[in-house]
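Step one of this worksheet: look at the structure below.
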Amino acid sequence: GIGATPLPDDHLIDGSLSWTGNQVYMASIDWAIESGWDDSWAGRWSGVVEMSMALRLVVGDANHYGWVKLSVDQQSGAMTLHDYAYQPIPEEPIRAGTHP
């Protein structure tokens, strides 16, 4: 499945993506009592700058597809949301980074 994979602009987001399985974290940094923060990051979003994550919003019994553009700063541990959009027409695809 696609999980929370970072997507480039213009990637098609629709019902053909795998929306189940692949339960993965986006990015993580570990805390150990004996040594404090572990500075090794893991996850698909570690250090990603302005890429999109696909969304499927279920409204009633219809799917609406969308995206959020995110960055993950490994230095500060912050995640920044830069932009987002969703397709207001049920079951219609949307391309990452575009607005309907």
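Here the range 36-68 is the region considered, the condition is being farther than 22 Å from residue 9 by Cβ and either open to solvent by less than 20 Å² (accessible area, probe 1.4 Å) or at pLDDT 85 or above (or both), and the residue that is farthest from the chain's Cα centre (by Cα) is 36. When you check residue 89 against the structure, is it out of contact with any Leu (no Cβ under 6 Å at 6 or more places or on another chain) and within 21 Å of residue 8 (Cβ to Cβ), yes or no? So residue 89 does not fit the description; no.
Just checking, which of 97, 15, 1 is at pLDDT below 85 and assigned to a loop (DSSP other than H, G, I, E, B)?
Just a single option satisfies the conditions, and that option is 1.
The lone criterion from (1) in contact with a Phe, Trp or Tyr (Cβ under 8 Å, 6 or more places away or on another chain); (2) modelled with pLDDT under 85 left unmet by residue 92 is number (2).
If only one of 76, 71 is among the polar types (S, T, N, Q) and open to solvent by 20 Å² or more (accessible area, probe 1.4 Å), which one is it? The match here is 76. Is it the case that some residue within the range 47-56 is part of a strand (DSSP E or B), among the small types (Gly, Ala, Ser) and in contact (Cβ under 8 Å) with a residue 24 or more places away in the chain? Checking the range 47-56: at least one residue is part of a strand (DSSP E or B), among the small types (Gly, Ala, Ser) and in contact (Cβ under 8 Å) with a residue 24 or more places away in the chain.
The values are calculated or read from the model by the stated rules, or taken from the named source; none is laboratory data. As the structure is a computational prediction, the values presented were derived from the model and not from experiment. Note that each Cβ is placed from the backbone with ideal geometry, even for glycine, and that neighbours are counted across all protein chains shown. Calculation scope for accessible area: heavy atoms of the full protein, side chains included, ligands and nucleic acids excluded. Shrake-Rupley method; radii C 1.70, N 1.55, O 1.52, S 1.80 Å.
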